[in-house]
Amino acid sequence: MLLHCGHARYVWNLAVEQHSHWYKGRKAAPGFAEQCRQLTEARRDSEWLGAGNADVQQQALKDFAKARNAKFTSGFGGPTWRKKYVHEGFRVIGTDRVPECNEDGSPKLNTKTGKQVMGRSVVVQKLNRRWAHVKVPGCGWVRFRLTRAELPEAKSFRVTYRNNQWHIAFAVIPEPVDAPGTGEVIGIDRGVKITVALSDGRKLNCPQLTVKERAQIRKHQRRAARAPKGSEAKTAEYAKVAKLKAREADRRKDWCEKTSTMLARTYDLVRFEKLNIKNMTGSAKGTLAEPGKKVRQKAGLNRAILAQGWGLLRQRTEHKAPGRVEDIPAPFTSLRCSACGWIEKKSRKSQADFVCVSCGFTCNADENAAVNVAAGQGGFPRPRRSAGAGGMTTATSRSSVREPQPIRVGIPLFLF
């Protein structure tokens, strides 16, 4: 399987180099069919490349073609180079030919020949309640641990190797979670001290590394720094650090999956405060002409934000509850009183306390913001206007006190 990873990475990088060469010459780059023909010639000339599996190498070219075409639609840019020890993986399509059916269960027929369409399927067999094995070309049967009760019915799968662990992912599009039909709306306020504060009063925290595990990371980092450059000891210590950090990432992903499933199953409408996480976690180092301030403090804050899994939770909730997730503008959600709608900066006493200076309403600050998000109360309110010269009304300067905003649903409204 490591040989498959090397072949897939080599073919991908050849395609990237070829595409960049043709792009600089402003000529049409070869397509997938032409690259497959060139791959056949390369396998004939190279003994190392010819010893690998042709299907795995062709799938690398197909993935490259898909990534290159997605450059103009996704906005993520074109495909880039893959590095050894970083991008280790390959994709395999199914080998079994199985008949395909329509949504109503009727056989899917070819419009030209009238024969039933035959698709590909992955060969997977269940061994027991926890384990199954899949047939990988060139490797035979490979055993893996099941994370679901049923066997996957997929047409392809991808094998990756990172942090001394092998992972297999089957290309299966799960069915969306059905709405409970209760009409209940939930608002979610995201933070660093409390990962998720729900408008019903619950507070959920993403699991982090323990104190002992953080101490182990610092110990291995010190040992790696003292080891000679390029030595096996330095590589071994850094591998131990990577294993601990991978454990933290696995916990974060598991928590996001379970929390997003709970939200999709429990509520009909899920509202998140709209946060630009990319800008929030930008570096503060600045430039040579204008260096930034408190760069290390900002770097620590960025790590704390990224460790909460804000973006992953929002993404997985949208996948499981399509059409039932909304984004509410974040400005003034933490300064607006959820009882009377008055906006005042002094009402936010601390990170956890909120006391309205207008009506005296007391609540947890994160819970108050979540209630405002659930009610759809976010964004900049209209500034008050005062009479100017000649009787014209002009906007006054922006102050901390704003006019009370009406609450839409679920919150008592006080008239002033």
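The values are calculated or read from the model by the stated rules, or taken from the named source; none is laboratory data. Since this is a predicted model, take the numbers as computed values, not measurements. When we count neighbours, we look across all protein chains shown, and the Cβ atoms used for this are built from the backbone with ideal geometry, even at glycine.
Would you check which residues across region 334-357 are outside any loop (DSSP other than H, G, I, E, B), free of Cβ contacts under 8 Å to residues at least 60 places away in the same chain and buried (at least 21 other Cβ atoms within 10 Å of the Cβ) and list them? Selection gives Ser347, Phe354. Looking at region 324-333, can you tell me whether even one residue there is buried (at least 18 other Cβ atoms within 10 Å of the Cβ), among the hydroxyl-bearing types (Ser, Thr, Tyr) and not in a loop (DSSP other than H, G, I, E, B)? Checking region 324-333: not a single residue is buried (at least 18 other Cβ atoms within 10 Å of the Cβ), among the hydroxyl-bearing types (Ser, Thr, Tyr) and not in a loop (DSSP other than H, G, I, E, B). In the set (1) crowded, with 17+ Cβ neighbours inside 10 Å; (2) at pLDDT 90 or above, Gln315 fails one condition alone, (1). Of the strands (runs of 3 or more DSSP E) lying entirely inside region 158-243, those containing at least 1 residues that are among the aromatic types (Phe, Trp, Tyr) span 165-170. Filtered by the rule that a residue be exposed (fewer than 15 other Cβ atoms within 10 Å of the Cβ) and over 21 Å from Asn164 (Cβ atoms), region 219-256 gives Arg222, Ala225, Arg226, Pro228, Lys229.
Flag: Leu288 does not match the condition of being surrounded by 16 or more Cβ atoms within 10 Å (Cβ to Cβ) and not basic (Lys, Arg).
Considering region 267-320, the residues that are of a type in the set (D, E, K, R) and in a helix (DSSP H, G or I) include one that is nearest to Pro176 (Cα to Cα), namely Lys320. Screening region 119-157 for residues that are of a type in the set (S, T, N, Q), out of contact with any helix residue (DSSP H, G or I) (no Cβ under 9 Å at 6 or more places or on another chain) and assigned to a strand (DSSP E or B) and picking the one that is modelled with the lowest pLDDT gives Ser121. Of the helices (runs of 4 or more DSSP H) entirely within region 1-68, those holding at least 3 residues that are over 23 Å from His87 (Cα atoms) and out of contact with any strand residue (DSSP E or B) (no Cβ under 7 Å at 6 or more places or on another chain) occupy 2-24, 32-45. Going by the conditions given, is Ile186 among the aliphatic types (A, V, I, L, M), at pLDDT 90 or above and in contact with an Asp or Glu (Cβ under 7 Å, 6 or more places away or on another chain)? Yes. So is Val196 closer than 18 Å to Thr147 by Cβ and surrounded by 15 or more Cβ atoms within 10 Å (Cβ to Cβ) or not? Taking the combined requirement at face value, the residue does not satisfy it. For region 246-295, a residue qualifies if it is farther than 13 Å from Gly309 by Cα, in contact (Cβ under 8 Å) with a residue 40 or more places away in the chain and not small (Gly, Ala, Ser), and the qualifying residues are Thr261, Leu263, Arg265, Thr266, Tyr267, Asp268, Leu269, Val270, Arg271, Phe272, Glu273, Lys274.
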